[in-house]
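Each reported figure results from applying straightforward, stated rules to the coordinates on display, with no laboratory input. These numbers were taken from a predicted model, which means no experiment stands behind them. As a convention, Cβ positions derive from the backbone with ideal geometry for all residues, glycine included, and neighbour counts pool all protein chains shown.
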Amino acid sequence: MVITRLPIKNALCNVFLFFIFFALSAQITFTTEQYREDIRFLQKTVHKDFPFLFKKTTAEDFDAEVEKLYQAIPQLADHEVLVGLARLVAMFEYGHTILGYWEEKIPIHQLQVVLYEYDDGIFVQGVHKDYPNILGAKLLAIEGMPVKDVLKAMRPVVPAENDSYLKAYGLHYLNFPEFLHAQGVIKEMSTSIEFFLEKDGMKFQQQLEAVPFNRPARQYGMVVPGAEWLESRDLTQTPLYLKNLEKIYYYEYLEDKKTVYVRQSQIQDDSLQSIPEFYAEVFDFIDKNEVDKLILDVRLNGGGNNYKNKPVVTGVIASKINKPGKFMVIIGRRTFSACQNLVNELHTYTNAIFVGEPTAENINFYGDNSPVTLPNTQLNAYMSFAWWQDKPQWENRPALYPHIATGLTFEQYRTNQDPALEAALAYSDTNFIVDPMNYFTTLFTNGKYDQIQPEAARMLKDPSYKFFDFEGEFNKAGYAMMSSKQFEEALFIFKLNTELFPKSANAWDSLAEAYWKSGDTTKAVELYNKAIALDPEGAIGVHAREMLQTMEVSKSKE
């Protein structure tokens with residue numbers, strides 16, 4: 001575009017014409033038939049070109065939601081149709097499969113706040129200079145609806161693969177009045193929204209005025225403070241993961257810790273130095289200096305080109321640092337897409353210890369979307385087409401979970417503390433058990449049965465093990481014993497599970513099965529009834545009733 005200087009009179013005229021155009025475009029309305037044609041087009045295209053996306057939702061459920069929206073069109077405003085389409089696309093629950101609401105084929109508005117969910121609630125991490133009084137305040141409610149109910153109401157429009165995605169990429173939907181209205185958070189459509197907040201022990205209301213859609217000043221999800229935007233963190237210091245954000249990656253030697261720290265926040269070449277050149281320098285430094293530990297921080301990394309991951313993975317494998325406890329990887333809620341591929345490969349091929357929060361992507365996932373342009377509104381539904389399977393299907397999980405879980409409170413963020421980095425620096429194989437089940441198996445095979453329960457109970461109380469599925473892993477171990485007819489050992493493990501998880505219907509159901517298979521039907525009946533009492537209407541209760549019926553049939557045939 002060539003920009004020329006205009007006389008003031010002409011410039012004012014153009015500004016006036018711009019506002020007239022904006023006002024008219026904001027009132028553009030499509031007909032019921034046009035919207036319905038677009039919905040049918042999306043439905044047919046999904047069935048024809050993207051049927052493989054029906055993994056987390058069924059074709060029947062998708063079609064049922066299509067029909068609901070199709071029938072409701074005459075009663076809906078434009079923004080309600082937009083949000084309805086977003087809900088349809090979000091049903092597939094892949095983060096790359098998303099409706100392009102930001103393209104403003106149907107205009108929307110945005111509140112000028114940046115929200116972040118910490119361990120102790122959702123806070124105003126950043127805000128436009130017009131609202132300095134709410135900076136650092138905790139969000140309690142929107143238009144009278146408690147924030148937990150707001151999140152529940154907004155969940156269907158977010159193409160979230162897991163809870164981490166919802167925290168990282170879904171929270172900004174709370175900023176759109178059109179989405180808040182369509183999802184029932186606000187009763188009447190308005191660009192003036194009341195937040196109920198708490199700060200310094202005081203609760204108060206703040207009316208926020210939304211502006212035409214305009215992305216706030218953010219970098220890798222973090223507020224960029226300046227003349228227009230304010231940031232809640234103490235800016236007199238900067239933690240390592242927020243330093244040099246103008247660079248895609250950088251490294252720093254922490255001499256007193258004999259540690260090299262690397263932050264990489266995209267899987268793309270920086271204009272100053274390519275990825276191969278950067279990591280060649282990093283590993284050369286490690287090999288030639290007194291370095292005991294490498295910390296790779298990808299908690300802000302939303303992806304890029306996964307073909308550029310090779311220098312990272314091969315560099316670690318070839319380095320002296322690829323030893324247990326020497327290579328730490330910090331992951332988090334923004335670790336997504338090509339960076340999910342990276343951490344998958346590091347998990348498989350290196351001795352990495354993962355610290356932080358779960359990633360925002362499923363381990364195996366659909367990515368690499370292509371636009372499906374709706375014929376009338378010209379809205380784009382970005383539909384994923386490439387299946388990335390870095391792990392065998394039986395290892396697929398909702399996310400890559402850290403070995404060592406760390407959280408972050410708002411006060412920790414405000415004062416520049418970094419629990420994830422602190423945990424990575426402090427880690428040694430003497431103060432943390434990376435593989436609890438291997439540890440318990442060793443105790444079991446060595447006959448140290450009395451140590452298993454207290455050790456498991458201790459770990460359950462330790463938040464560092466937050467994402468280790470103790471109940472599920474013990475359950476699998478019990479069934480492995482039962483399948484090899486080792487009933488005494490199976491009973492020991494299943495009993496242990498009920499001691500650790502006394503309110504788990506599944507634990508009691510599994511113990512009941514072990515008693516039945518070992519020949520104690522009386523005890524099995526008692527425990528199946530206990531499972532039913534704990535989960536009378538759920539899947540475990542249903543299964544327990546079926547097993548009782550099976551036992552009755554077997555008994556009658558004897």
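Within region 293-327, find all residues whose amide N lies under 13 Å from a label point positioned 7 Å from the Cα of GLN389 along Cα-to-beta-carbon.
none
Could you list, in their original order, any pairs among LYS148/LYS203; LYS243/LYS320; LYS55/LYS310 whose Cα atoms are separated by more than 24 Å?
Listed pairs above 24 Å: LYS243/LYS320; LYS55/LYS310.
For a quick check of your reading of the filter: which GluC sites (Glu not before Pro) in region 151-231 sit in a DSSP loop and have no more than 12 other Cβ atoms within 10 Å?
The qualifying sites are GLU188, GLU228.
Express the relative contact order of the chain as a whole percentage, based on alpha carbon pairs under 8 Å and six or more residues apart in sequence.
Relative contact order here is 11 percent.
Filter the trypsin sites (Lys or Arg not before Pro) in region 451-558 to those in DSSP coil with at most 15 other Cβ atoms within 10 Å of their Cβ, and list the result.
LYS466, LYS485, LYS503
Which net charge results when you count Lys and Arg as +1 and Asp and Glu as -1 among the other residues whose beta-carbon is under 11 Å from that of ASP78?
My count for the surroundings of ASP78 gives -1.
Within region 166-200, find all residues whose amide N lies under 11 Å from a label point positioned 7 Å from the Cα of ASP120 along Cα-to-beta-carbon.
200
Please give the FRET efficiency for ALA533 paired with GLU499, using the beta carbon to beta carbon distance and R0 = 25 Å, rounded to the nearest 0.05.
So, using R0 = 25 Å, E works out to roughly 0.90.
Reachable aspartates and glutamates from LYS152, Cα under 16 Å, same-chain residues fewer than 8 places away excluded?
Hits, sequence-local ones excluded: GLU93, GLU117, GLU143, GLU161, ASP163.
From a point 7 Å beyond the Cα of GLU209 in the direction of its Cβ, which residues of region 107-121 have a backbone N at a distance under 15 Å?
Within reach of a label on GLU209, which here means backbone N under 15 Å from a point 7 Å along Cα→Cβ, region 107-121 contributes 110-113.
Within region 348-505, how many Lys pairs that are eight or more residues apart, or on different chains, come under 23 Å at the alpha-carbon?
Step by step, the pairs that qualify in region 348-505 add up to 17.
Cα centroid distance between region 55-74 and region 466-501, in Å?
Between the Cα centre of region 55-74 and that of region 466-501, the gap is 41 Å.
In nm, what is the difference between 0.36 nm times the number of residues separating ASP287 and THR314 and their Cα-Cα distance?
Gain in length upon complete extension: 8.3 nm.
Sort PHE204, PHE123, PHE470 so the one with the fewest other Cβ atoms within 10 Å of its own Cβ comes first.
Arranged by neighbour count, lowest to highest, PHE204, PHE123, PHE470 become PHE204, PHE470, PHE123.
Check which residues have an amide H placed less than 5 Å from GLY121's amide H, if you skip close sequence neighbours.
So GLY121 has HN proximity to no qualifying residue.
In nm, to one decimal, how far is the ASP450 label point from the GLU422 one, both placed 7 Å along Cα→Cβ?
With each label point 7 Å from Cα toward Cβ, the separation is 3.7 nm.
Label PHE492 and GLU188 with points 7 Å out from Cα along Cα→Cβ: what is the distance between them in nm?
7.0
Expressed in nm to one decimal, what extension gain is obtained for the pair ASN244 and ALA59 from 0.36 nm per residue of sequence separation less their Cα-Cα distance?
Answer, rounded to one decimal: 62.0 nm.
State whether region 27-103 is rounded, prolate or oblate according to the following rule on the C-alpha gyration tensor (a ≥ b ≥ c being the square roots of its eigenvalues): a/c under 1.5 gives rounded; otherwise a/b larger than b/c gives prolate, and the remaining case gives oblate.
Since a/c reaches 1.5 and a/b is larger than b/c, the shape of region 27-103 is classed as prolate.
When you have a sec, figure out the Kirkwood radius of region 109-231 from all distinct Cα pair distances and drop it here in Å to one decimal?
14.5
Kindly state, to the nearest 0.05, the FRET efficiency for LYS466 paired with GLU33, given R0 = 45 Å and r defined as their beta-carbon distance.
The computed FRET efficiency comes out at 0.30.
Would you calculate the separation in nanometres between label points at SER483 and LYS48, each defined as 7 Å from the Cα along the Cα-to-beta-carbon direction?
It works out to 4.4 nm between the two label points.
Given the Cα-Cα distance of SER370 and THR409 and 0.36 nm per residue of separation, how much length would full extension add, in nm?
In short, 10.2 nm is gained.
Rg to Rh ratio, region 432-558, alpha-carbon atoms and Kirkwood radius?
For region 432-558, the value is 1.01.
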